């Protein structure tokens, strides 16, 4: 399986993405993972040290930047989509997972437009990102809702919990998702083969 993980910027986005990448590689050594982020994010230092390849796109904020900042951000969108399509064609992933951050939006949108399966691993209980409109699967860490009510854009919602690195994931606790009542993690699920 080839998985592309898009996003980063802060540890809250990046570290769950790294935990997911480590789990994918643990399931089968031939699984490939590629990260896509920005030049300015935490991922520039952390991802290469973790042993995963990283590619970058030129994207930045659109909100709370004032008029000039908004125009500058909007001006980057076409280029970031073009860069995302180029990376997607070259890597040819089986699935694209957005983990939040500036790089997540253009990459997930480009994958959606190219017909590549997409998912979002959402760390925030209030997921109001426009990216959820372009995903096949949404993986909230808790209740799948927004400030405006339930998210109905994603075709599938599974409460998966927040991925954590190996030293922290040895728990046997299997809490139930408040939205679906399903278990968010179990030792059996960890051992299940990944396609």
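The values are calculated or read from the model by the stated rules, or taken from the named source; none is laboratory data. As the structure is a computational prediction, the values presented were derived from the model and not from experiment. Please note: Cβ atoms are built from the backbone with ideal geometry, for glycine as well, and neighbour counts cover all protein chains shown.
For the reader, a short list of remarks on this structure follows.
- Number of the condition not met by residue 28 [criteria: (1) farther than 20 Å from residue 109 by Cα; (2) in contact with a helix residue (DSSP H, G or I) (Cβ under 6 Å, 6 or more places away or on another chain); (3) at pLDDT below 95]: (2)
- Scanning the stretch 53-71 for residues that are touching a strand residue (DSSP E or B) at 6+ places or on another chain (Cβ under 6 Å) and more than 16 Å from residue 9 (Cβ to Cβ) yields a count of 1.
- The selection criterion, being surrounded by fewer than 17 Cβ atoms within 10 Å (Cβ to Cβ), more than 18 Å from the chain's Cα centre (by Cα) and farther than 22 Å from residue 2 by Cβ, holds for residue 69.
- Condition check for residue 48: in contact with a strand residue (DSSP E or B) (Cβ under 9 Å, 6 or more places away or on another chain) and farther than 20 Å from residue 91 by Cα: no
- Subset of the stretch 88-100 [surrounded by fewer than 23 Cβ atoms within 10 Å (Cβ to Cβ) and either under 14 Å from residue 41 (Cβ atoms) or within 12 Å of the chain's Cα centre (by Cα) (or both)]: 95
- Selection status of residue 42, at negative phi, crowded, with 17+ Cβ neighbours inside 10 Å, touching a strand residue (DSSP E or B) at 6+ places or on another chain (Cβ under 9 Å) and touching a residue at least 24 places away in the same chain (Cβ under 8 Å): no
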